[in-house]
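Structure record follows, encoded as structure tokens.
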Amino acid sequence: MPSVNKHLLKISRRFLFFLLTFLPGVIHVQKTMAQTVGNKDYGILLDNLLKHTVPEVTAQQVVKMDHIILLDTRKKTEFEVSHLKSAIWVGYSDFDLSKMIGIDKQQPIIVYCSVGFRSEKIAEKLLADGYKNVSNLYGGIFEWVNNGFEVVDTSGITSNVHTFNKNWSKWVQIGNKVYR
């Protein structure tokens, strides 16, 4: 019986070591991402809404990147109100991998939607299909405009931001809120 207790103690020590070594890093990563948004409550919403199953990037990181493909996973009507410059609309409920024909699987790809939920799901599909460098824009287009980065429509730069509906519009601090 003493050998069983020693064995359990050894397992307990290893588990405790694992928790103390790796869990703080996981908590820190999520806490850090929540802290990247300007509104604390919005950060909490995002960390509860998203599963964090794909790499995430901030708006500040994206503006510094070169040679990226931006994919907008919102509804076409949302995209038409405004989108990130040079973004390609791929949709969400009607997304299929045929929309990716011609895009190299090694190419850096940033997917986004309003807040990051729909784009996270599309990013998961891309990664499962073998795309190697896919990230989700943390906080989506809402956080993009809240950081003062421009969005465009077919006429050029616009202050319009599709906020999905009145309830979600509270997370957009800059711009003309549109929902229809």
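Residue-wise test of (1) assigned to a helix (DSSP H, G or I); (2) in contact (Cβ under 8 Å) with a residue 40 or more places away in the chain; (3) over 15 Å from I110 (Cα atoms).
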residue: E124; (1), (2), (3): yes, yes, no
residue: Y131; (1), (2), (3): no, no, no
residue: N165; (1), (2), (3): no, no, yes
residue: Q173; (1), (2), (3): no, yes, yes
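Matching residues to (1) farther than 16 Å from F149 by Cβ; (2) out of contact with any Phe, Trp or Tyr (no Cβ under 6 Å at 6 or more places or on another chain):
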| position | (1), (2) |
| --- | --- |
| L46 | yes, yes |
| L49 | yes, no |
| Q60 | no, yes |
| D72 | no, no |
| E78 | yes, yes |
| H83 | no, yes |
| V90 | yes, yes |
| F95 | yes, yes |
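Mind checking which residues of the range 133-158 are of a type in the set (G, A, S), over 24 Å from L45 (Cα atoms) and outside any strand (DSSP E or B)?
S155
Among the candidates E143, E150, which residue alone is open to solvent by 50 Å² or more (accessible area, probe 1.4 Å), of a type in the set (D, E), modelled with pLDDT of 95 or more and within 22 Å of T77 (Cβ to Cβ)?
E150
Considering only residues of the range 119-138 that are of a type in the set (A, V, I, L, M) and open to solvent by 10 Å² or more (accessible area, probe 1.4 Å), which is nearest to Q60 (Cα to Cα)?
The selected residue is L127.
Note down all Cβ pairs under 6 Å where the first residue falls in the range 69-86 and is more than 14 Å from R118 (Cβ to Cβ), the second is outside any loop (DSSP other than H, G, I, E, B) and open to solvent by 30 Å² or more (accessible area, probe 1.4 Å), and they're at least six residues apart or on different chains.
Partner pairs satisfying both residue conditions: V81/N160; S82/D153; S82/N160.
Whether any residue in the range 110-118 is over 16 Å from I69 (Cα atoms), surrounded by 14 or more Cβ atoms within 10 Å (Cβ to Cβ) and without any contact (Cβ under 8 Å) to a residue 24 or more places away in the chain is what I want to check.
no
Provide a single number: the residues in the range 70-98 that are of a type outside the set (S, T, Y), closer than 18 Å to L137 by Cβ and either open to solvent by less than 80 Å² (accessible area, probe 1.4 Å) or touching a helix residue (DSSP H, G or I) at 6+ places or on another chain (Cβ under 6 Å) (or both).
The number of residues fulfilling the criteria is 15.
The values are calculated or read from the model by the stated rules, or taken from the named source; none is laboratory data. Quick caveat: nothing in here was measured; it's all calculated off a predicted structure. Note that we place each Cβ from the backbone using ideal geometry, even for glycine, and neighbour counts take in every protein chain shown. All accessible areas refer to the heavy atoms of the entire protein, side chains included, with ligands and DNA or RNA removed. Shrake-Rupley method; radii C 1.70, N 1.55, O 1.52, S 1.80 Å.
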